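Visitor: Take this structure first; my questions come after.
The values are calculated or read from the model by the stated rules, or taken from the named source; none is laboratory data. Worth saying up front: this structure is predicted, and the values here are computed from it rather than measured. Note that we place each Cβ from the backbone using ideal geometry, even for glycine, and neighbour counts take in every protein chain shown. Side chains included, ligands, DNA and RNA excluded: accessible areas come from the protein's heavy atoms. Shrake-Rupley method; radii C 1.70, N 1.55, O 1.52, S 1.80 Å.
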Amino acid sequence: MKKDWKYIMYIGLLAGLLLILVLSKNKQYDWRVTLAHEDKNPYGTYALNELLPGVIKSDVKNSYQTLYELKDTLQAWKNILILSSSFSPGKEDTETLLTHAEAGATLFISANDFYGSFADTLGLSTSDSFFEGENKFEQIDSAFLHFVSPAMDSTRQFQFKRGNIHSYFSKLDSAEATVIVTNDFHQPVTLRISKGKGAIILNSTPMVFTNIHLLNAENHEFASTLLSYLPQRNTYWTEY
């Protein structure tokens, strides 16, 4: 009987140690693409939220309101930042954005895909380069982005995972558009469009702003340089 109790005690001790081991095991990463400013997982943007105020030298206000709901509180000089997997605002939100830019604000909108009222108004569309080209099955794992502005070092390339960086602007009707960044296929991925007194900066590679890329090598310099196109003004980062 005593041996049985010892056996039970050993089993109980082993189970307790196993429980401690499981509870103390490192938390598994959540690989969902959230682009949320409070999210510290690979595809959140917590690092960007920490970096941004130092880049624009002003306050950043995070908002979960729609653009139309923000309409009455937006001053003409405030920037708007939007990061999204896809961007297709309705007619009212589109009008709010364009009116805000025309009044003198700068909009920075990053999404893999642009379509709907906003894209139609600006005459633009995005495409996916991942499965394009004759050698689509021979592409290397890395994608490279570089600035093409004469004010930047156009020979310097920034490396990212190709599976995350494969959208580009395949159509743009605006004569006011200037290409800022291209990919390694010489396709535009970042544009600046003059609009009234303000400007709209469009980017088709939102994943470059996520934690996993921003904290890799020198990619924070790419994000900082790109975001420096925002004037040094207070900024609304809307995540509706």
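Visitor: Mind checking which residues of segment 183-240 are touching a residue at least 40 places away in the same chain (Cβ under 8 Å) and among the small types (Gly, Ala, Ser)?
Guide: Correct list: GLY196, GLY198, ALA199, SER204, ALA217, ALA223, SER224, SER228.
Visitor: OK, next. Can you tell me which residues in segment 26-48 are among the polar types (S, T, N, Q) and under 11 Å from SER85 (Cα atoms)?
Guide: THR34
Visitor: When both residues are 6+ apart or on different chains and their Cβ atoms are under 8 Å apart, which pairs have a first residue that lies in segment 90-104 and is at negative phi, and a second that is assigned to a loop (DSSP other than H, G, I, E, B) and surrounded by 21 or more Cβ atoms within 10 Å (Cβ to Cβ)?
Guide: Every condition considered, the pairs that remain are LEU97/PRO89.
Visitor: Just the residues that are under 21 Å from the mean Cα position of the chain (by Cα), loosely packed, with under 14 Cβ neighbours inside 10 Å and farther than 15 Å from PHE108 by Cα, please, taken from segment 56-89.
Guide: Passing the criteria: LYS57, ASP59, TYR64, GLN65.
Visitor: Of everything in segment 102-115 that's modelled with pLDDT of 95 or more and open to solvent by less than 60 Å² (accessible area, probe 1.4 Å), which residue is farthest from the chain's Cα centre (by Cα)?
Guide: Step by step, filter segment 102-115, then rank; the result is THR106.
Visitor: Also: So, in segment 178-227, how many residues would count as being touching a Leu at 6+ places or on another chain (Cβ under 6 Å) and basic (Lys, Arg)?
Guide: The total comes to 0.
Visitor: Show the residue pairs meeting these rules: Cβ distance below 6 Å; 6+ apart or different chains; first residue within segment 50-72 and over 30 Å from LEU215 (Cβ atoms); second residue part of a helix (DSSP H, G or I) and open to solvent by 100 Å² or more (accessible area, probe 1.4 Å).
Guide: Within 6 Å, the pairs are TYR68/GLU92.
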